[in-house]
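J.: Next up is a structure, given as structure tokens.
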Amino acid sequence: MTPDLFEPDAPSTEPLEPGAVVLRQFASSHQAALLAAVQAVTEQAPFRHLVTPGGFTMSVAMTNCGALGWVSDRSGYRYDAIDPEGGRPWPAMPEPFAALAARAAAAAGFDGFAPDACLINRYRPGTRLSLHQDRDERDLRQPIVSMSLGLPAVFQFGGATRGERPRRVPLAHGDVVVWGGPARLHFHGVLPLKDGSHPLLGDCRINLTFRKAG
Ligand code: MD6
Ligand code: FE
């Protein structure tokens, strides 16, 4: 049989701009291990809706695993080793997470990525994430690796200032975005999730973002 060049599930690399790349379907073959690990983490540290410093409740539900977790409350954004809800350390980073994140970073040109934080985001239809920068990590030379599972979403990818009109990047189950270098502080967000049902995840999108935070 001749290989189908348009095979939708074949991994491929799609540069977005210097420092940012979409690795299409990079995580697909690991979906079962990733979802089992998400399940195990959320049994220890359930999804919750954080409050922003301005007093708004986020529509994205979040939790973390790894040595550090990203949290927000009325006093600000920060990384913390303790889950404020349970008073205990965050669940350890599952082995398949860190290994796959490091391979994705290397595929995008960032060797030696050793994440110590994994923020897990859960979106339902209507959930959105407004334009923001990721700037709470200590070493901004380290990239971020972002994996999408479940329902598709439209990622907004802007520039160094909030004023630049963001472009729209569709992300599907199994896609991985790697983000660093000159794009590290670019504004980005997620448009409201559309209704739908994913065969494995139902009416939900899960996003894993790996960082070297400390
Ligand atoms: C999301 N992602 O895709 C939200 N941040 O659900 C992010 O905010 C993000 O995907 C930095 C780098 C990559 C990302
Ligand atoms: Fe972000």
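The values are calculated or read from the model by the stated rules, or taken from the named source; none is laboratory data. Please read these numbers as outputs of a predicted model, since none were measured by experiment. Ideal geometry is used to build each Cβ from the backbone, glycine not excepted, and the neighbour counts take in all protein chains shown.
J.: State whether one or more residues within segment 82-93 are away from ligand 2 (no atom under 16 Å from the Cβ) and over 19 Å from VAL71 (Cβ atoms).
T.: No: segment 82-93 contains no residue that is away from ligand 2 (no atom under 16 Å from the Cβ) and over 19 Å from VAL71 (Cβ atoms).
J.: Out of (1) away from ligand 2 (no atom under 16 Å from the Cβ); (2) in contact with a Ser or Thr (Cβ under 8 Å, 6 or more places away or on another chain); (3) under 25 Å from HIS49 (Cα atoms), what's the single condition that is false for THR127?
T.: In the conditions (1) away from ligand 2 (no atom under 16 Å from the Cβ); (2) in contact with a Ser or Thr (Cβ under 8 Å, 6 or more places away or on another chain); (3) under 25 Å from HIS49 (Cα atoms), THR127 misses (1) alone.
J.: Here is a further query. Restricting attention to segment 10-64, report how many residues are assigned to a strand (DSSP E or B) and either farther than 26 Å from ALA108 by Cα or within 14 Å of ligand 1 (Cβ to nearest atom) (or both).
T.: So the count comes out to 13.
J.: Same structure again: Within segment 44-62, track down each residue that is touching a residue at least 60 places away in the same chain (Cβ under 8 Å) and surrounded by fewer than 17 Cβ atoms within 10 Å (Cβ to Cβ).
T.: PHE47, SER59
J.: I'd like to check something: does segment 191-207 contain any residue that is closer than 21 Å to MET62 by Cβ, surrounded by fewer than 19 Cβ atoms within 10 Å (Cβ to Cβ), in contact with a helix residue (DSSP H, G or I) (Cβ under 9 Å, 6 or more places away or on another chain) and not hydroxyl-bearing (Ser, Thr, Tyr)?
T.: Scanning segment 191-207, I find at least one residue that is closer than 21 Å to MET62 by Cβ, surrounded by fewer than 19 Cβ atoms within 10 Å (Cβ to Cβ), in contact with a helix residue (DSSP H, G or I) (Cβ under 9 Å, 6 or more places away or on another chain) and not hydroxyl-bearing (Ser, Thr, Tyr), so the answer is yes.
J.: Here are some residues: ALA104, ALA108. Which one is over 16 Å from MET62 (Cα atoms), away from ligand 2 (no atom under 15 Å from the Cβ) and either surrounded by fewer than 23 Cβ atoms within 10 Å (Cβ to Cβ) or under 13 Å from the mean Cα position of the chain (by Cα) (or both)?
T.: It is ALA104.
J.: How many residues does segment 63-93 contain that are surrounded by 20 or more Cβ atoms within 10 Å (Cβ to Cβ) and more than 18 Å from ALA114 (Cα to Cα)?
T.: Total satisfying the criteria: 3.
J.: For segment 137-153, enumerate the residues that are surrounded by fewer than 16 Cβ atoms within 10 Å (Cβ to Cβ) and either β-branched (Val, Ile, Thr) or in contact (Cβ under 8 Å) with a residue 60 or more places away in the chain (or both).
T.: Selection gives ARG138, ASP139.
J.: Can you tell me which residue within segment 174-192, out of those that are over 15 Å from the mean Cα position of the chain (by Cα) and more than 15 Å from ligand 2 (Cβ to nearest atom), is nearest to LEU140 (Cα to Cα)?
T.: GLY181
J.: All but one of (1) more than 12 Å from the chain's Cα centre (by Cα); (2) away from ligand 2 (no atom under 14 Å from the Cβ); (3) hydrophobic (A, V, I, L, M, F, W, C) hold for LEU140; which doesn't?
T.: Unmet condition: (2).
J.: Take segment 15-37 and flag every residue that is at pLDDT 95 or above and of a type in the set (D, E, K, R).
T.: Of everything in segment 15-37, just one residue is at pLDDT 95 or above and of a type in the set (D, E, K, R), namely ARG24.
J.: Out of the residues in segment 155-173 that are under 13 Å from the mean Cα position of the chain (by Cα) and more than 10 Å from ligand 1 (Cβ to nearest atom), state the one that is surrounded by the fewest Cβ atoms within 10 Å (Cβ to Cβ).
T.: ALA172
J.: Which of the residues that make up segment 118-159 are among the charged types (D, E, K, R), farther than 17 Å from GLN31 by Cα and touching a helix residue (DSSP H, G or I) at 6+ places or on another chain (Cβ under 9 Å)?
T.: Correct list: ARG141 only.
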